[in-house]
Every structure is written in structure tokens, then in C-alpha cells.
Amino acid sequence: MPDSTYSQHRNPLHKNPQLNVHGELTHLLSIDGLPREILTHILDTASNFLEVSDRDVKKVPLLRGKSVFNVFFENSTRTRTTFEIAAKRLSADVINLDVTRSSTAKGETLLDTVDNLVAMHADMFVVRHASSGAPYLIADHLHRTGRDDVHVVNAGDGRHAHPTQGLLDMYTIRHYKRDFANLRVAIVGDILHSRVARSDIHALSTLGAGEIRAVGPQTLLPTAVERMGVRVCHDLREGIRDCDVVIMLRLQNERMNGALLPSAREYFNCYGLTPEVLALARPDAIVMHPGPMNRGVEIDSEVADGPQAVILPQVTFGIAVRMAVMSILAGN
Amino acid sequence: MESTKTTKTTETMGKMAQQNIHIRNGRLIDPKSSTDAQRDLFIVDGHIAAIGEAPAGFVAGRTIDASGLIVCPGLVDLSTRLAGIEPELAAAVAGGVTALACPPDTNPPLDEPGLVERLVRRSATLGLAQVYPIGALTRQLAGEKLAEMHSLTRAGCIAFSQAKHPIVDSQVLLRAMQYAANFNYTIRLQPQDHNLARDGVAHDGEVASRLGLTGIPVCAETVAIATALQLARATGVRLHLARLSSAAGVALVREARRSGLAVTCDVAIHHLHLSEMDIGYFDSHARFDPPLRSGSDRDALRAAAAEGLAAVCSDHTPVDADGKQLPFAEAQPGATALELLLPLTLKWAAEDKIPLLSALARITCDPAAILGINAGAITQGSPADICLFDPVEPWQVTPQALRSEGKNTPFIGYEMAGRVRTTLVSGRVVFDSTGVKTE
């Protein structure tokens, strides 16, 4: 984030709230603003945890006695489950709260909910919220109320960020491609509404990827997206050509027929990843997708199940990456 | 209602109201008459009796020493939202504001003469800043049926607007303008195309894209301005465009004025100082309607104010903590600003090297002319609505320092230069910072 127009701000919301005064990670809210060393440290730590998942006893005691609250203001069984598994493998006590159906329905504000959970001695919040920036509000509130010992992990906020997904994508790329420097990475589809795309773009630029392409129709690209350091391609073939990595994004049902796109069929014809299109990429290119996939909308089944797809390894790496994030936040 | 005011004033103020006042040794800046000179003021019966030399037989009941201070007309604010009437009017005079226009998006909206009369009466009994209500252009501000503009004018409305509510149906807007033109009423529109701005919470640009906030494109403003200008040409209505936010919007208004259309406009003081960058990490204090736009837009707004194309207003909107302690997109837009209007105008003038005479015109005689009211000038025989301020006195913006019930502003923590010392309304001292301090 560029500096604000005034240097006078005393408001903590104008400093990077993820890092403490020593530059250490206290919350994981966004990849935007995190230095390369922290990203690399998380990825390195994750590779140590990957081996834990292969053991007979899949547990390490790093978070023993700690309480991790999964606070999901927006439904997501999959992401919540992976966080739950990661926390349990670190021996934490995990409490799942589906806030969409409880407190907020009774009119409790977001910060009231947080205060209540802090009073229950939460050590870490894993937060998903439909509003961009909600985890920042929580982190800021914890700071103001003197609870810097409680950590926040953003599990997806509106269109803004999904940093653990971004990190697991980086882990996957590094696993298959080793080095970021010469990579061409295409991110294809609904970038406008995608927190995954934003996190991937920030992570890739921080890690020094050679070229990042944002591929999609103008209706699905954010204004001034090129200012985030990407090359914009409205043509899928041009966008895929000679790529090392193709990240496909999910197209939400409600966006398929309306003023953004005429139909799912036309979208597939123009932007669906088929074997023919993928053949334009480098022969060893990998295909990623954050899931859940819409087969026949953004991706052809033949590609999704094909040899270049690494979509299931992404899920496995995701647990190791979330273990790494939680263990680093807890001070290990 | 005038009689009510006088009676109450006499009751509460006793002999004070009758006191002759001599304001001496001040630097008088009256933009309307292009005066910037050392001049004494002599107030008799609540009116300016003389400027410079005492009138014959003048005996001062009270002398105010204005050495080192600037004496200027009480500020005129084009848009002040009154949450609680009394605290906000007290905040107004503490900020040197002696006349203000109140937009109709109150609860309930100002679409009934009775509501307007009550507002005028309640504010008049306080004897603080003078309140000029702006009536609802359409009933319930719903943008469908015209409000009773004639009755509302008789009740005290000086213009009509939709505040932030849209008129989606352009035919209704055309009819509203025709009807208003019929009586020579002024229509104020906050130009923003409802559909283009839908769900938007921030300027559609780099920052909103990065933060994943839904953007309001500049074309939402330009399309609405273009529509309003065309309809104003067609109907001959007197049009004021409120809260411009973009360089492109300013350019359209400038062009329309060059072509002879008597359209006026204003910008909010925040938009002269802040840009989208001030959202930082989702700071809801930087949420405004219209949104803070890019740095170059801000520069264009500053230029428009500097050249006199746009007046400057506080767009004072008290929002409580509950309204701001929410994720950015859910937070209420707006900020408290009555007490910051003057120091922020001085800050702008200092930064852009604008003569005080011009800068103060934007918050005194210019808005008075737009509102069509007898205020914002120091002339012999006019009511003594006067602001005395120290142009350099530093102070820090803190919730405690603000009299408004709205404590939310992006300028919290800032050092300001320039502070109101004394405010007079109709020759009565309604605010005196030295007095407040000793309480």
C-alpha cells in the first residue's frame, strides 16, 4: 500500500497491522505488504510440516493448550476444514463457530462477537467474512483493547485477500518449478471478484515471478489491475502462450448470466481451459485451481483430470502451509 | 417565527442583546467587499453600525480586543447534518459558522411544511447559528412524486434537493426542474448516477482494486452532471451541483459556465485534503459520499475552489462509533467537520498560497450567494454575524476538543493551525473560547 497523502496519521490503520515493531508477523491478513523473507520463511516451515501429514501419528505439540477459533461469517466447509485439520495436527483445541447462523442473526456486532470470544480465552482467530477488510477491523480492535497476544488469520475477506490460499499456491509452484525468477504465470478468469487472484498477484510479485498475466474479459478484471504489476490479456490464447503456470479461477454461478457475461457456454468458449488451449503453454506447464471447480465452465474435465493438473496436491500443501502460518504466529 | 426568536433571545440573553460592541484592533477580512485591512467594527442593536470610525454618540457596552486576530464574516456552510440540533449548532458557532443549510435527509425527511417549521423554530430559539432548511424535492425523497415546494418554501426552505437519494426516473427530474423553475426555486443535486454507483463504496481506482472494494467510477458523476446540465438548460432552473469529487466533473461544470449556464457547485473540505490513498488499510473514517478520489482529482478540486468555480462546504455528518466500527463497506460514510471547516480552509490556503481573501470567500460570501441569503459579508447595516479567529493558534483534533456529537473524522490526531476565538450572531457573543476555557 502506498503511503497515505499525509504523514501525520496516528491511526494504526495506516501502518501495516500485520507486523509488530520488530517486523515479525503477528497476524496474517494479506500478502500485500509482507516482505519476501516472511513469505519464504512460511514456505520453508511448511515443507517441514508436510512430512508430519505422512506419519502414522499426524501430530506435533506446537500449539498444545492453545485455542483456535474458526470464526466463519461466511460459509465455507472446505476452507474451515483445512484450517481445523491444520490446527489439530498442531495439537490445538479447535472451536468452530458458524457465526452466520448465530450471534449476528441476533444483531450482535462483529466486534461484540470478537470481545466475547476473547473473553473465552481465544489465542487465535481464523476469520472468514464477506466484507473486504473485516479481519483488519478485528486486528485493529484487538490492538486497541490491548490484546496483541491474540492472533488473526484471514481465511478470506470479501474480494480482498485469501492469504493462505496465495501461500499454498506459491508452495505448489515452488514445489514443481523450484525458482520464481523466470516463470510466466497466467491467472485466468474472474479476477474482479477473486480474493485468491489478488493474493496470488501480490505473492508472485513479492517472490519475483518473471511475468504475471491477468487473463479475462474486461468485465471481470479490476480497474487499474495493471498497477498491481500484471500484464493484462483479454485473449485467452495470448495469455496462455508459453506459460509455466496456469491458475484458473472459479466463476460464481450468479455471475454467469447477466451484465458481466452473456452465458456460461460463451464463457467456456472464450475463456475455458481446454487441452487445445493448454497446448499453447509450455509442455511442462502446471494447471492450478483453488476449488471448487466448475467443470465445463472455466475448465475442461480433460484438463482438470489430466497430467498437468496439480489441483489435489494444492489441497495437501494447503494443510502444511496453514500449519506453518499458525505455528509461526504462535511464536514457534 | 421571527417574533419567537426575538422574545426568546431577550429572555435568555437579557441586556446582552442590546449591548453595543466595539471590536478593536482586528484585521478585518471581508471577501465580499475585498477588504483586508486593520479596521474596527461598531455594533449597535445587533447590526454593523460602522466600519472603521465609531458612529456619532457610540458608547461601547463591551469592547473585544481583536489584536492579532482576523475578523471575518461568520462562515456560511452549504451542508450541515444536524443529528441533535443543539450540540451541532453549538459546534457550528464554535467553528465560526453562523449560517448553515441543512439537507433534507433527516429522519423523517423534510418533505412536510410542519417539519420544516419545527426545525426553523427549534433552531431559532437557541439563538446560535441560523438554520436554512433545504426541502425534499420529492416526497419521502423517493424520487417519484414532487414535494410541495411552494408550501415548503413558505415554511422556510431555501432550495430543494434529494440529498444522497437518487431520482432514477429522468422524467421525474425533468418535471421537478420545470416545477421549480416556475417559482424560481433552486435545485441542488449531488450528482451520482444511481446505477453506475450501485454497491460502490470507494473510488473505482487503484486502491479499491487492491483492497477488493466495489468501486464508484468517475463516470457515475459525469453522467449525472451531464444529465443535470442538459435538463437545467431545457428548463431554465437554477441548479447547484453539490459535492463534486472528480476532475472530469469539474471540467463539465466549468464548460457549462463558460457557455453561459448559471450553474454553481461546491466541494467538501475533505475532498480538498484527502484522496483514495487515505483509506490506508480499510480506515472507515475515510469513507465518504461521494468517495475520495485520486490525487489528480483532488488537485482539480483544489483548482476549482481556488478559481472560485466551486464553493467549499463542511458536509458535516455526525456518525457515531457504532456507525464507523464496521468493515469498510458496511460503515456509514461521512465525518464531523463543522469545527474543522475553518482550519482546513486555512491549511488549503497556506499549502496552495491562496490569499486569505479568496480562501475565506469560499466559505462566506460565495455560499451565501448560492443560498441566496443575506449573510457572509460585513457591511454597514447588516446583521453582525462575525467570526474572530487566531490564524496561527495550534490545536490538536481530539474527540474532547470537538463540541459536535460526531467525533469521527479522518483528521483525528492532526495538528491544526487556526482557531476560532469568538463568534457573534446578530451582535451577540454566542461563542467565546476564552470564556469556555475558564469555565
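Computed from the coordinates by the stated procedures, all read-outs in this text should not be read as laboratory data. Because the structure is a prediction, the values reported are computed rather than measured. Neighbour counts are summed over all protein chains in view; Cβ atoms, including those assigned to glycine, are modelled from backbone coordinates with ideal geometry.
Taking the Kirkwood radius as the inverse of the mean 1/r across Cα pairs, report the Rg/Rh of chain B. Provide the component values of the computation, followed by the final result.
Working: Rg = 21.1 Å, Rh = 22.0 Å.
Result for chain B is an Rg/Rh of 0.96.
Residue by residue through the range B:135-140, which ³J(HN,Hα) values in whole Hz follow from phi under the Karplus form 6.51 cos²θ - 1.76 cosθ + 1.60 (θ = phi - 60°), with glycine and proline marked x?
x, 5, 6, 10, 4, 6
Please compute the volume of the convex hull spanned by the alpha-carbon atoms of the range B:243-341 and report it per residue in Å³.
92 Å³
Distance from the Cα centre of the range B:272-287 to that of the range B:50-112, in angstrom?
For the range B:272-287 versus the range B:50-112, the Cα centre distance is 30 Å.
Evaluated at 25 °C with a viscosity of 0.890 mPa s, what Stokes-Einstein diffusion coefficient in µm²/s does the range A:155-314 have when Rh comes from the Kirkwood expression over alpha-carbon pairs? Please list the in-between numbers first.
On the way: Rh = 15.3 Å.
The Stokes-Einstein estimate is 161 µm²/s.
Among B:Ala368, A:Gly166, A:Ile187, whose Cα lies farthest out toward the positive end of the dipole of the protein assembly as shown, if unit charges sit on the beta carbon of Lys, Arg (+1) and Asp, Glu (-1)?
Result: B:Ala368.
Extension gain A:Arg55-A:Asp148, at 0.36 nm per residue separation less the Cα-Cα distance, in nm?
Computed gain between A:Arg55 and A:Asp148 is 30.1 nm.
Taking +1 at the Cβ of each Lys and Arg and -1 at the Cβ of each Asp and Glu, which of B:Ile279, B:Leu261, A:Ala309 sits farthest along the dipole of the protein assembly as shown towards its positive end, judged by Cα position relative to the Cα centre?
Farthest towards the positive pole: B:Leu261.
Give me the distance in nm between label points sitting 7 Å out from Cα along the Cα-to-Cβ direction at B:Ser34 and A:Asp115, one decimal.
For the pair B:Ser34/A:Asp115, the computed spacing is 5.9 nm.
What FRET efficiency, computed as 1/(1 + (r/R0)^6) with R0 = 51 Å and r the Cβ-Cβ distance, is obtained for B:Ile373 and A:Asn257, rounded to the nearest 0.05?
0.45
Which length gain, in nm to one decimal place, applies between B:Gln380 and B:His47 when the Cα-Cα distance is subtracted from 0.36 nm times their residue separation?
119.1 nm
Taking the Cα atoms of the range A:111-182 alone, what are Rg (to one decimal) and Dmax (as a whole number) in Å?
Taking only Cα atoms of the range A:111-182, I get Rg and Dmax of 15.4, 49 Å.
Report the one residue of A:Leu63, B:Pro113, A:Leu220 whose Cα lies farthest in the direction of the positive end of the charge dipole of the protein assembly as shown (charges on C-beta: Lys and Arg +1, Asp and Glu -1; origin at the Cα centre).
Going by the Cα projections, it comes out as B:Pro113.
Could you check the simple spin-label distance between B:Ala303 and B:Ala417, using points 7 Å along Cα→Cβ, in nm with one decimal?
Here the answer is 2.6 nm between the modelled labels.
Suppose R0 equals 30 Å. What FRET efficiency, 1/(1 + (r/R0)^6) with r the Cβ-Cβ distance, do A:Arg231 and B:Glu351 give to the nearest 0.05?
Rounded to the nearest 0.05, the efficiency is 0.20.
For chain A, set up a Gaussian network in which alpha carbons nearer than 10 Å are linked by springs, and say which option among A:Gln218, A:Gln18, A:Gln314 fluctuates the most.
A:Gln218
Please work out how much length the chain gains when fully extended from A:Glu108 to A:His22, using 0.36 nm per residue of separation minus the C-alpha to C-alpha distance, in nm with one decimal.
Numbers: separation 86, 0.36 × 86 = 30.96 nm, distance 3.50 nm.
Net length gain for the segment: 27.5 nm.
With a cap of 15 neighbouring Cβ atoms within 10 Å, and only residues DSSP puts in a loop, list the chymotrypsin sites (Phe, Trp or Tyr not before Pro) found in the range B:133-226.
B:Phe183
Select from the range A:116-194 those trypsin sites (Lys or Arg not before Pro) which occupy a DSSP coil region and have at most 11 other Cβ atoms within 10 Å, ordered by residue number.
A:Arg178
What's the exposure ranking of A:Met120, B:Met416, B:Met177, going from fewest to most Cβ atoms within 10 Å?
A:Met120, B:Met416, B:Met177
For a quick check: with amide H placed at 1.01 Å from N, whose amide H comes under 5 Å from A:Val126's, ignoring anything fewer than 5 positions away on the same chain?
Under 5 Å from the amide H of A:Val126: A:Phe69, A:Asn70, A:Val71, A:Val153.
Once amide H atoms are placed 1.01 Å from N in the peptide plane, what residues at a sequence separation of 5 or more from B:Glu393, or on another chain, have their amide H within under 5 Å of its amide H?
Here B:Gly418, B:Arg419 satisfy the definition.
Test of understanding: in a Gaussian network model of chain A with alpha carbons linked when under 10 Å, which of A:Val57, A:Val232, A:Val245 would top the mean-square fluctuation ranking?
A:Val57
In a GNM of chain A with a 10 Å cut-off on Cα contacts, which of A:Ile191, A:Ile95, A:Ile173 has the highest mean-square fluctuation?
A:Ile95
In whole Hz and in residue order, list the ³J(HN,Hα) couplings for the range A:56-64 that follow from phi through the Karplus curve 6.51 cos²θ - 1.76 cosθ + 1.60, θ = phi - 60°; x for Gly and Pro.
Listing the rounded values in order: 5, 9, 8, 9, 10, x, 5, 10, 4 Hz.
Per Stokes-Einstein, at 25 °C and 0.890 mPa s, what whole-number D in µm² s⁻¹ belongs to chain A, with the Kirkwood radius over Cα pairs as the hydrodynamic radius? Please report the intermediate quantities before stating the final value.
Values: Rh = 20.5 Å.
Rounded to a whole number, D works out at 120 µm²/s.
Taking every eigenvalue of the Cα gyration tensor of the protein assembly as shown, multiplying by 5 and rooting it, what semi-axes result, largest first, whole Å? Can you show the working numbers first?
Numbers: eigenvalues 640, 168, 97 Å².
Here the semi-axes work out to 57, 29, 22 Å.
Please order A:Val188, A:Val94 by the number of other Cβ within 10 Å, starting at the fewest.
Listed from fewest to most nearby Cβ atoms, that is A:Val94, A:Val188.
Please give the FRET efficiency for B:Glu117 paired with B:Lys145, using the beta carbon to beta carbon distance and R0 = 25 Å, rounded to the nearest 0.05.
For R0 = 25 Å, the calculated efficiency reads 0.75.
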